[in-house]
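Every number in this text was worked out from the coordinates using simple rules, so none of it is lab data. Everything numeric in this text was worked out from a predicted model, so none of it was measured. Methodologically, a virtual Cβ is constructed for each residue, glycine included, from the backbone with ideal geometry; neighbour enumeration extends over all protein chains shown.
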Amino acid sequence: MKISPYSLYIVSTPIGNLDDVTFRALEVLKNSEIILCEDTRHSIKLLNHFKIKKKLISYHKFNEKKQALNIIKYINEGKILSLISDAGTPLLSDPGRILVNLCVEHKIKIVPIPGVSSITTAMSISGFKDQFLFYGFLPKKENEVKKILNTLSQSQFSQIFFIPAIKLNFYLKIFKKYFSGRKILIAKELTKIHETFFR
């Protein structure tokens, strides 16, 4: 695989089990001059495991607007940059959209390096219809959640939400009202030692 400068690589990383990393992902990360990380403290563990030592730049939802123009500058200087999230495929409920849109605007090549995603991992064992809607994280306030679910509950597609474990009971109570009679799968700690599924 030829790794080109003047490009942004969107690299998927494991969601738990480090053996799920792809050969392409490792090759791109080893050849990157700069790796953009959601949380450098988290990403350094993955990179150390594979003996990858590169310059890391913190890139998260609180600084992505501020960092994006600097990153475009680095790419235009011919540096090889890759973006990773804490786990899984970047930009799916993770930072990166602002940067990708800026790259499109500046005619910078964006290269996806596919890999693991908790979304498709959970869907693959659900037994549900494979036409699905992915929402991401629901709002924290009950009224806002109800407003969204009132609309989504009209759809017959399978639906996927990210939910913090600590708020599970809060959301389940509301799901019961809007999705009565439908099947549910809760996928927890995917690919990890304590991987669990509740149906």
Ile148 - would you say it is among the β-branched types (Val, Ile, Thr) and closer than 30 Å to Asp20 by Cα?
no
Scan the range 105-118 for residues that are under 30 Å from Tyr6 (Cβ atoms) and buried (at least 17 other Cβ atoms within 10 Å of the Cβ) and jot them down.
Ile108, Ile113, Gly115, Val116, Ser117
Does the range 131-138 contain any residue that is surrounded by fewer than 18 Cβ atoms within 10 Å (Cβ to Cβ), hydroxyl-bearing (Ser, Thr, Tyr) and more than 17 Å from the chain's Cα centre (by Cα)?
no
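To keep it simple, each residue is scored yes or no on (1) over 23 Å from Ile119 (Cβ atoms); (2) among the polar types (S, T, N, Q); (3) surrounded by 18 or more Cβ atoms within 10 Å (Cβ to Cβ); (4) more than 18 Å from the chain's Cα centre (by Cα).
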residue: Leu8; (1), (2), (3), (4): no, no, yes, no
residue: Phe23; (1), (2), (3), (4): no, no, no, yes
residue: Leu26; (1), (2), (3), (4): no, no, no, no
residue: Leu36; (1), (2), (3), (4): no, no, yes, no
residue: Leu46; (1), (2), (3), (4): no, no, yes, no
residue: Ile52; (1), (2), (3), (4): yes, no, no, yes
Filter the range 140-165 for residues that are out of contact with any helix residue (DSSP H, G or I) (no Cβ under 7 Å at 6 or more places or on another chain), within 17 Å of Ser93 (Cβ to Cβ) and not small (Gly, Ala, Ser) and give the result.
Lys140, Glu144, Ile148, Leu152, Phe161, Phe162, Pro164
Give me the pairs, please: first residue somewhere in the range 1-22 and closer than 28 Å to Ile193 by Cβ, second residue anywhere and basic (Lys, Arg) and surrounded by fewer than 15 Cβ atoms within 10 Å (Cβ to Cβ), beta-carbon distance under 7 Å, and either six or more positions apart or on two chains.
Gly16/Lys192; Asn17/Lys192
Go through (1) surrounded by 12 or more Cβ atoms within 10 Å (Cβ to Cβ); (2) touching a strand residue (DSSP E or B) at 6+ places or on another chain (Cβ under 9 Å) for Ala68 and report which single condition fails.
(2)
May I ask you to list the residues in the range 80-122 that are farther than 24 Å from Ile184 by Cβ, β-branched (Val, Ile, Thr) and either touching a His at 6+ places or on another chain (Cβ under 9 Å) or without any contact (Cβ under 8 Å) to a residue 24 or more places away in the chain (or both)?
Val104
